[in-house]
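Worksheet for the structure shown next.
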Amino acid sequence: DGFDPLAFDGDGDTTADPLGLEVTGEDVTTDEFQPQNKRDGVIFAIDCGCRDMFESKTEDGRCLYRTVMQSAASFLKNKVIANSMEKVGILLYGTGESRNQLNFKGITVIQDLDIPSAKRIRELETEAERNFGEFDKRYGLDSTVKLSDVFWVCTSMFHTACPSKQFHRRLFFFTPTDDPCPLPADRTTAITRAQDAAQSEVDLHLFSLQVPGSSKSFTMGKFWADVLTEDVGLDYGETSSIKLEELARRVRKREFPKRMLRRQRFDLGNGTELGVCVYADIIEAKLPSPVQLRAEDNKPLKSETKLICTKTGRILHP
């Protein structure tokens, strides 16, 4: 007899679990059956080693670098409104200056992973106004940076500021270059570092940029298809590139990560396990807890309670 899902009400003795998937006792992993309530931690990694990021412009005078910075500033504004306790960092690679916690060449962290603020948004809006001459004077250009070092620095930043148990880690790459590792040794090292990042629960998202006025297509198979942690076929196709007018929409699309509602593992016996992930298209949004801020610099306030002796005025210790 076939299984009729419409007749399954869960009240009978033998038909309550016709597929034999119900598990009880030690087979249930209760810690995996909890909602994934994690905050978002995002790093924008922007390729600045290519002059096309600054010199190629659209009819309205916008270049790739300016548009990416404007999108990052808009991303921070939306994070402030949605959840001010999530963290965002901005990293430039391919720069002559080196400023990162591992002291790797050609990588400049202009904003560490931290909660969004009005000051950080203004900094990005100021960065968006730099032309090539101003950028070269401030940071310099160096196209010889190793992509493996970029993965390493980003993973280290996540380990320092965004513990995996509290944060959903995401790394956004913005680049017009489809083959950043022409040498086989550099390619192998970069793929290894990307796999290390994936094992550290870092989701990699690529924004492949279309250079204004160029007919060259961005080929995913040259490098990026081997390191992406998301489904390349569904989101990119064999070749894909983002035009400037589409960039803001693509960034907004990834503003909120795909979070599992819950997860369950079933032991089917003989060493065979079945994992089930539950997602929901619509979940009720809950207001975050209020955070008291200091008016002078908008930093969070911490409350401290001290007991003082009324006779001596000394602090009483528990």
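3J(HN,Hα) couplings calculated from phi for region 97-111 with the Karplus curve 6.51 cos²θ - 1.76 cosθ + 1.60 (θ = phi - 60°) are, in sequence order, 7, 10, 8, 8, 6, 9, 6, 7, 5, x, 10, 10, 8, 8, 9 Hz; Gly and Pro show x. Simple spin-label estimate for Leu268 and Lys222 gives 4.2 nm between the two label positions (7 Å along the Cα-to-Cβ direction from each Cα).
Extension gain, Ile315 to Arg51, is 88.8 nm, computed as 0.36 nm per intervening residue step minus the present C-alpha separation. A crude spin-label estimate for the pair Ser214 and Ala118, with each label 7 Å from Cα along the Cβ direction, gives 3.9 nm.
The HN-Hα couplings worked out from phi for region 137-145 by the Karplus form 6.51 cos²θ - 1.76 cosθ + 1.60 (θ = phi - 60°) are 5, 7, 10, x, 10, 8, 7, 8, 4 Hz, whole numbers, x standing for Gly and Pro.
Compared with the alpha-carbon gap, the fully stretched path from Leu102 to Lys165 is longer by 20.3 nm at 0.36 nm per residue. Sorted on the mean count of surrounding Cβ atoms within 10 Å across their residues, most packed first, peptides 274-282, 127-135, 175-183, 72-80 read 72-80, 175-183, 127-135, 274-282. Extent along the principal axes, Cα only, for region 160-203: 37, 21, 15 Å, with the longest axis given first. Could you state the accessible area per residue of region 96-155 in Å², with a 1.4 Å probe and every protein chain left in place? About 51 Å² of surface per residue is accessible.
The values are calculated or read from the model by the stated rules, or taken from the named source; none is laboratory data. Please read these numbers as outputs of a predicted model, since none were measured by experiment. Note that each Cβ is placed from the backbone with ideal geometry, even for glycine, and that neighbours are counted across all protein chains shown. For accessibility, only protein heavy atoms count, side chains too; no ligands or nucleic acids. Shrake-Rupley method; radii C 1.70, N 1.55, O 1.52, S 1.80 Å.
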